[in-house]
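The values are calculated or read from the model by the stated rules, or taken from the named source; none is laboratory data. Given the structure is predicted, the values throughout are model-derived calculations rather than measurements. Quick reminder, even Gly has a Cβ in these numbers, built from the backbone with ideal geometry, and neighbours come from all protein chains shown.
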Amino acid sequence: MRKFINIINSLVFLSASMLVISIFYEGLTLKWYAFVPILIVVTDFSFIAATILNLIINRKVKLLFWFNIFSGLLICVAVIMKIMRMDYPQWTLVFWHFYIFYFYGIQTITVINNRTGAGR
């Protein structure tokens, strides 16, 4: 089960990486690309699924558990705001996507370092 969650976390990191790169590329070219909203949806839904799985599997790793609780709270706030049709500032989307990028990036890099022994 541990390998499965590591693969899921890596896929979330990969989709968040592609999203961040594509958003920056949009800004550089000052064009709107049709694939970016698709990446947003993929990243958001994979983040939600990975958070639920991590909450179930990583209960005993306290630091990960608390970060996943924070992720769950972010998701709940976002869903409530969406349901209530509340406006939110654009910087919150930047925070949201960079949080996903960094959180799952750190988890992925940690797993790679543990497997290769690079951090020793």
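Report whether or not V42 is of a type in the set (V, I, T) and farther than 17 Å from L11 by Cα. I'd like the intermediate steps shown before the answer.
On the way: of a type in the set (V, I, T): yes; farther than 17 Å from L11 by Cα: no.
No; evaluated as a whole, the condition is false for this residue.
Hey, can you tell me all the residues within segment 50-69 that are loosely packed, with under 13 Cβ neighbours inside 10 Å, of a type outside the set (V, I, T) and assigned to a helix (DSSP H, G or I)?
K62, L63, W66
Just to be sure before I move on: is Y104 surrounded by 13 or more Cβ atoms within 10 Å (Cβ to Cβ) and not in a helix (DSSP H, G or I) in the structure I sent? Working first, answer last.
Numbers: surrounded by 13 or more Cβ atoms within 10 Å (Cβ to Cβ): yes; not in a helix (DSSP H, G or I): no.
No.
What are the residues in segment 21-38 that are among the aliphatic types (A, V, I, L, M) and either more than 18 Å from T92 (Cβ to Cβ) or modelled with pLDDT of 95 or more (or both), if any? Break it down stepwise before answering.
Initially, segment 21-38 is screened for residues among the aliphatic types (A, V, I, L, M), giving 21, 23, 28, 30, 34, 36, 38.
Listed by number, the residues that qualify are I21, L28, L30, A34, I38.
Inspect all residues belonging to segment 20-34 and state whether any of them is in a helix (DSSP H, G or I) and in contact (Cβ under 8 Å) with a residue 24 or more places away in the chain.
Taking segment 20-34 as the starting set, the residues that turn out to be in a helix (DSSP H, G or I) are 20-29.
Imposing the further condition that a residue be in contact (Cβ under 8 Å) with a residue 24 or more places away in the chain reduces the set to 20, 23.
Yes: one or more hits.
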